[in-house]
Structure formats: C-alpha cells, structure tokens
Amino acid sequence: MSRSCAICGKPIVRPNAEWLAGALCPGCDAAAHVRRGVWLSRQGDHRRAVAAFDEALRLFPRDARTRNNRGYCLAALRRYDEALVEFDRAIALDPQFAAAFNNRGLVYMARAAYPEAILEFDVALRLDPKMTLAWNNRGFSRAASGLYDEALADLNRALELSGDLANALHNRGYVHTVRADFDLALKDYDAEIRLKPERPYAYYNRGFVQTILGEFEFALADFERALARKPGFAEAHFNRGEIHLARGTFEEAVAEFGAAVRHAPGFALAYSHRGETFQLLGQFERAVADYSEVIRLGHFLTSAHCKRGLAYLALGAHDLAVADFNEAIRLDPKFLGAYHGRGLAHRARDDYDRAVVDHIEAIRLCPHSAEAYQNFASFWATCPDPARRDGNVAVELAVRACELSLWQDWQCLATLGAAHGENGNTPDAIRFTEQALGLAPALKKPGLEQTLFELRSRN
C-alpha cells in the first residue's frame with residue numbers, strides 16, 4: 001500500500017519501522033525525524049540522532065521536547081556547552097518541563113559542578129516528585145558533595161519508586177561504603193549484579209568492600225570478574241596488587257601494579273605502591289625508578305621524595321637521600337617521616353649531631369607520635385658510635401613509644417627490647433622482643449628470631 005505526501009507529492013517510503021506512517025513523507029513530517037532521532041539515540045548513535053533532531057527543528061523549531069532530546073544527545077557526545085543551550089531553550093519554551101531541568105543537571109554533574117546540579121534536580125523534583133531518575137541523580141550529586149545523609153534519603157526514595165533501578169543501588173552501595181555500613185553496601189552491590197551482571201564496576205565495588213573486610217579471596221574473585229568484563233581495568237589490577245602486598249606475596253603484587261601502570265601510564269599511586277613493594281623485595285634501584293616516575297607525574301610529591309630518599313639510603317647514596325629528605329621537608333615542613341629519614345641519613349654519614357636534631361624536631365612536631373619516640377629510642381639504643389649510645393635514655397623513649405601505641409606496635413616493643421639489651425637487662429630484652437615477635441609481620445620475624453637467639457646466648 002503506498003501514499004503520496006500531501007505537501008510535496010512524493011511517494012511515502014518507510015525505511016524502517018521507527019518512521020511514522022502517515023499522510024506526510026519523512027522529509028516533511030517533523031515527528032518522523034523526532035522518532036528517528038529517538039531510535040538512533042537508543043542505539044547509541046548520538047551524532048546521527050542530533051542530525052535527525054536538526055531536521056525536526058527545521059520544520060518545527062518551537063518544540064521543547066525536541067530541544068530536550070537534542071540536548072541529551074549533545075551531552076552524550078560531551079558537547080556540554082551546546083547541550084546547555086538546548087536545555088535552556090527547552091525550558092524557555094516550557095518552564096514546567098521537569099525532564100529538561102533533570103538533563104541540565106546531568107550536564108553540571110558531568111562537569112563535577114555538583115551544587116549547580118543539585119539546584120537543577122531540586123526544580124525537576126518540585127515539578128515531578130515521582131521522577132525516579134532525578135531522585136537518583138540528586139542522590140549521586142549529594143554523595144559526591146559529601147552530603148551522605150541527604151544522599152541516602154534521595155536514593156532510598158528512588159528505590160521506593162523503582163526497586164530495580166540499578167544505578168540507584170550502585171550509588172547507595174557507595175554511600176553505605178563511605179559510611180562504613182559494609183553489610184548494607186554488599187547487599188546493594190549484590191542486587192545491582194543480579195539486575196546488571198554485565199557491569200564491571202558492580203564487581204569492582206563489591207570487591208573493594210570485601211577487601212576492607214579482609215575477605216581477600218572473595219575480593220580477588222570479584223576483581224577478576226570486573227577484569228573479565230572490562231579488560232585493562234587498571235583500578236582492578238591495582239586493588240589486586242594491594243591484596244597481594246598485604247598478604248606478603250610481593251612478586252604477585254609487582255605484577256598487578258605493573259598491569260595497572262601498563263593500562264594507565266599516569267596512575268601515580270600504582271607506581272608508588274610498586275616502588276614500596278620493590279623496597280620490601282630489596283630491589284632498591286627499581287624502587288628509585290618508580291618513585292622518580294611518581295615525582296615526574298607530579299603527584300604525592302612529599303611522600304615520593306621521602307620514599308625515594310629511603311631507597312637511596314638503602315643503596316648507600318647518602319647525599320641523594322639527604323637531598324630528597326630536604327625536598328620533602330621543603331614541601332611539607334611538618335612531614336614527620338622526612339625528619340626520621342634524614343636523621344637516618346645523617347647517622348649513616350656519621351653526622352650524629354644533625355641526626356639528633358632531626359629526631360628532636362620530629363618529636364617537637366608530633367609529640368603524640370609513637371613513631372617519633374621509637375625512632376629516637378632506636379638511635380640511642382643502636383647508634384654505631386658506642387659513645388653516643390645511652391640505654392637509659394633509649395628505655396625512657398621506648399617506653400613512651402609503647403604507651404602511645406598502647407603496647408600493640410611490634411617496632412616499639414622491639415626497640416624497647418633493644419634498649420634493655422643495651423642496658424644489660426637481658427631478661428627484659430628477651431621479654432619485649434618475644435612480644436614484638438608475636439605481633440610482627442612474617443617478613444620481619446626472622447630478624448627478631450635471630451635477635452632472640454643472640455639474647456638467649458648471653459645466659
């Protein structure tokens with residue numbers, strides 16, 4: 001059955017089922033272009049959808065919904081300024097058009113302009129209190145602004161209106177995570193996965209929560225599922241590396257951090273943590289290379305200089321170590337670790353007076369830091385120059401370190417043991433070294449066991 005267009009007389013052709021069948025040909029019928037634009041947009045072909053909406057607006061320029069649809073596609077193409085113009089025009093044509101306010105809010109949200117986005121969603125919800133997407137979007141924006149209670153209320157409302165809204169479950173799972181409501185977060189991510197099992201970020205976020213809970217096997221499995229759905233997912237590789245680092249499986253950690261930086265060359269934190277892992281493996285030159293890359297990228301500069309300084313110190317490059325510690329202190333004059341590291345470097349150069357000054361400065365800056373007292377106690381208990389050792393001062397400082405750490409820090413306890421050993425109090429040296437051994441990580445136990453052997457051999 002064929003018809004002729006009532007305007008141009010051309011035969012009407014239906015290229016696909018999305019075009020209107022009617023008395024006008026598609027070229028003359030704005031509604032046909034709108035439908036084609038909507039269909040193309042649903043297929044993800046936003047560029048051609050914009051062209052279809054252009055044709056519709058050529059025929060009927062004062063249609064608010066077409067303006068809104070065109071703006072939505074422009075936003076999907078990240079042409080945000082043009083999208084805002086279209087939403088402004090849509091709202092000017094229809095000031096009660098809730099969806100246009102919601103979509104304008106989405107543009108602000110994409111730009112991380114969350115206060116502006118929230119205002120747009122406020123208007124959308126005043127106009128249409130049952131707009132599920134606006135509740136979800138405002139919840140996301142409030143969460144991104146740190147307004148977690150308000151975000152949770154919005155996301156709960158979104159899920160009351162539509163219990164199967166996967167995005168709202170995802171966003172609420174995030175809010176539960178930052179509020180440390182981990183069981184509720186897991187339930188939301190489980191529900192999201194049931195609805196959208198193809199989503200990599202659902203598995204990634206669930207794995208992240210499992211990591212926090214110490215459920216490493218479950219977490220590794222979830223990160224693996226995320227990688228299966230998104231190969232090259234750098235953050236998933238990074239978090240797998242974190243688990244291996246925590247477990248002491250350092251070679252596996254290096255491999256995962258390596259995959260992270262291979263897929264995301266600007267991932268400074270992955271370089272930093274791989275550098276830490278290389279240090280634990282005693283591969284200090286490779287650690288220096290990774291910290292140098294972190295510095296080149298311009299991230300975490302204070303800690304990167306401090307960590308590289310420690311790696312240089314282990315390599316015996318004392319001048320380079322001091323230079324890095326100096327730079328860390330210049331960047332952050334209150335950075336405790338830099339004073340400790342520089343103190344160690346001065347000690348390695350037999351510059352004991354400067355070492356003492358740095359340890360005292362660390363305690364002055366952080367008078368409640370167990371680490372600062374432990375480091376200074378270690379200096380007095382183990383200084384290579386016998387004239388500089390003072391067991392009584394070391395014991396006093398180490399006891400203070402243990403008090404500040406509630407007697408639960410293995411390094412503080414080991415230092416107290418060393419201080420008693422320097423004082424000739426072998427029974428207490430053995431007692432506190434045994435306590436340190438019980439709390440120490442596996443990597444440090446052999447050294448403590450050797451210390452105990454030597455102490456027991458004194459008797």
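Points worth noting:
- Projected label distance in nm at Leu161 and Glu396, using a 7 Å step from Cα toward the beta-carbon: 6.8 nm
- Charge tally around Asp94: other residues with Cβ under 11 Å, Lys/Arg +1 each, Asp/Glu -1 each, net +3.
- Distance between the 7 Å Cα→Cβ label points at Glu224 and Ala144: 3.4 nm.
- Derived from the Cα gyration tensor, the three semi-axes of the equivalent ellipsoid of the range 368-459 are 18, 17, 11 Å, largest first.
- Rough spin-label spacing in nm, given labels placed 7 Å along Cα→Cβ, for Val178 and Ala348: 4.1 nm
- Burial ordering of His176, His305, fewest other beta-carbon atoms within 10 Å first: His176, His305
- Positive minus negative residues near Arg225 (Lys, Arg vs Asp, Glu; Cβ under 11 Å): +1
- Debye log10 I(q)/I(0) for the chain, one point scatterer per Cα, at q = 0.09 Å⁻¹: -0.81
- Rounded to the nearest 0.05, the FRET efficiency derived from the C-beta distance between Arg62 and Lys196 at R0 = 56 Å is 0.90.
- Taking Thr211, Thr382 and counting other C-beta atoms within 10 Å, the order from fewest to most: Thr382, Thr211
- Difference of contour (0.36 nm per residue) and Cα-Cα distance, His299 to Asn425: 40.7 nm
- For Arg388, the shell of other residues with beta-carbons less than 15 Å away shows a net charge of -3, using +1 for Lys and Arg and -1 for Asp and Glu.
- Taking a point 7 Å from the Cα of Arg456 along the Cα-to-Cβ direction, the residues of the range 398-432 with backbone N closer than 16 Å to it are 426-432.
Every number in this text was worked out from the coordinates using simple rules, so none of it is lab data. Bear in mind the structure is a predicted one, so any value in this text is a computation, not a measurement. For neighbour counting, all protein chains shown are included, and Cβ atoms are generated from backbone atoms with ideal geometry for every residue, glycine included.
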